[in-house]
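I have placed the structure first, in the form of structure tokens, so that the comments after it can refer back to it.
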Amino acid sequence: MAAIAVTDDDLMAFADGQLEGERRESVEQAIAREASLAARVTDIREQNAELRHAFDPWLAEALPPRLVAAAEGRAARGRLLRLWPAYAAAASLALGLAAGWFARDAALERTGVPTTFARQAAITHALYSADQRRPVEVWANEEASLARWLTRRMGTQAHIPDLTALGYTLVGGRLVAGNEKPTGLVMYENADKQRITLQWRLAKDAGAPSGEAAFRYASENGVGVFYWIDDDSAYALSGPLDRAQLLAVARVVYGQLAAPAPPAGGSVPKPPAEPLRPKG
Amino acid sequence: MNDAPLPHAEMLAAIPRMRRYARVLTGDSARADDLVQEALARAWEKRRLWRPGTDLRAWLFTILHNVFVNQRASARREASNVSLDAETEGGSGAWQVPVPSTQFARVELAELLQQVGRLPSEQREVLLLAAVEEMKYEEIAAALSVPVGTVMSRLSRAREKLRRMADERPATLKRVK
């Protein structure tokens, strides 16, 4: 066959083993005639071999578990983790809490309060109290509008207890989008930067006898929760306190919710309107 | 329409190759793993688009490439005066030989990896896919959404640059043939 021009692309494709048929034959004939063409093919092949030699050891590295989970379709998008780095620690704490709370379901079944509510309250508390940048959506300096907003969004009158007598000042509040009903959250902080949260939501379907408040307590990983049902709402008070300390706060909260102070004026907390007998 | 799960063994087998590709693209091991995780999650979301019997590796590479290009585009929008390539190609530690071999070969392989790291990312990825993964030019073109001619010209330029860099190596580091 007469000389057919062999291009650089032909040589490269030939060296990479990607030429077929007539073109392959013509390159074979060309490199048989010209030693310089053969040398270029050899160069490319040697370079390929060196590259494989250099890069193949990377394949032997141990697989990170998160990538195995992702390959099996068990993982969330990595992007989420990177967008929310501040939540990572709180989220892992929250997951630990969820696992611990789950085991308590059987023991708490008879309380009349869905245990998922207490569990969610603990998780929500862990998540937002650890958030340095935006623990609440509405800050304490707009307390009146916070109460109006929560009332409108939750469909029940929101009262924000005043806990200054106990050393806790209001940080602010937010609405927590739950699986079922929206949950209101108000957060307080003391001089030691310890944060407690009060969460509540409508619980008409909870099955608690009307007018009876059952106080229940549970704790996990240093976060205690008192929760109860009163009238038409379920409440959960959560914080890194021991049972006695948290109970003292819960009594004040319960008392103020049972007999809310007038919105404007007196900041002196009223004593509980009626004695409270925790049953938990 | 196909809603079957992706083949388990093949997905696991693809991880090392995806990590290698991602590391070649980003020049950064930690970022590479983030990229792989994102690509795997997206593969599960889009699993209906994969046709059983076709090359799973090539499909995953396509997704990985697209995630990388999108992330780089948004990173450039955020910091338009910072070149991501210049930033990541510096001394990020990805271009290392992870498994010890003999002393001489180790130095030489490290040299080669450093040289690949100095290529533009478009040339690096084509070089990896063609020379190391031994994919067909047409497959590479499909994965990167570019014409076959572009694949070949990038590959040719990458090889030429590597050859020039090798010629500049000190004589003692050249391969003994």
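In this entry, B:ALA130 is excluded by the filter for residues that are surrounded by fewer than 21 Cβ atoms within 10 Å (Cβ to Cβ) and under 23 Å from B:THR54 (Cβ atoms).
All told, B:TRP50 meets the bar of being more than 10 Å from chain A (Cβ to nearest Cβ) and farther than 17 Å from B:SER121 by Cβ.
Considering segment B:20-35, and only residues there that are of a type in the set (D, E, K, R) and within 8 Å of the chain's Cα centre (by Cα), the residue that is farthest from the other protein chains (Cβ to nearest Cβ) turns out to be B:ARG23.
Whenever a residue of segment A:54-73 is assigned to a helix (DSSP H, G or I), its partners that are of a type outside the set (Lys, Arg) and surrounded by fewer than 15 Cβ atoms within 10 Å (Cβ to Cβ), lying with C-beta atoms within less than 7 angstrom and at least six residues away or across chains, give the pairs A:PRO57/B:PRO98; A:PRO57/B:VAL99; A:TRP58/B:PRO98; A:ALA60/B:VAL99; A:VAL68/B:LEU12; A:ALA71/B:LEU12. Checking segment B:15-38 against the condition returns no match, with no residue being loosely packed, with under 12 Cβ neighbours inside 10 Å, assigned to a loop (DSSP other than H, G, I, E, B) and not assigned by TED's automatic domain parsing to the domain that holds B:LEU144.
The rows are residues; the columns are (1) at pLDDT below 80; (2) not assigned by TED's automatic domain parsing to the domain that holds B:ARG163.
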position	(1), (2)
B:ALA58	no, yes
B:ALA75	yes, yes
B:ALA86	yes, yes
B:PHE104	yes, no
B:VAL107	yes, no
B:GLY117	no, no
B:GLU133	no, no
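Within segment A:114-136, one or more residues are modelled with pLDDT under 65 and not in a helix (DSSP H, G or I).
Okay, residues lined up against (1) among the hydrophobic types (A, V, I, L, M, F, W, C); (2) in the same structural domain as A:TRP139 (by TED's automatic domain parsing); (3) modelled with pLDDT under 75:
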{"residue": "A:ASP192", "(1), (2), (3)": "no, yes, no"}
{"residue": "A:LEU237", "(1), (2), (3)": "yes, yes, no"}
{"residue": "A:GLN245", "(1), (2), (3)": "no, yes, no"}
{"residue": "A:PRO272", "(1), (2), (3)": "no, no, yes"}
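What do you reckon, is A:GLU50 away from every other protein chain (no Cβ under 13 Å) and not in a loop (DSSP other than H, G, I, E, B)?
No, not satisfied.
Scanning segment A:15-34 for residues that are within 12 Å of another protein chain (Cβ to nearest Cβ) and either crowded, with 20+ Cβ neighbours inside 10 Å or assigned to a helix (DSSP H, G or I) (or both) yields A:ALA15, A:ASP16. If you scan segment B:124-157, which residues turn out to be assigned to a helix (DSSP H, G or I), within 10 Å of chain A (Cβ to nearest Cβ) and hydrophobic (A, V, I, L, M, F, W, C)? B:LEU127, B:LEU128, B:ALA130, B:ALA131, B:VAL132, B:VAL148, B:MET152, B:LEU155 - these are the residues of segment B:124-157 that are assigned to a helix (DSSP H, G or I), within 10 Å of chain A (Cβ to nearest Cβ) and hydrophobic (A, V, I, L, M, F, W, C).
The values are calculated or read from the model by the stated rules, or taken from the named source; none is laboratory data. Keep in mind that this is a model prediction, so the values were computed, not measured. So basically every Cβ, Gly included, is an ideal-geometry build from the backbone, and we count neighbours across all protein chains shown.
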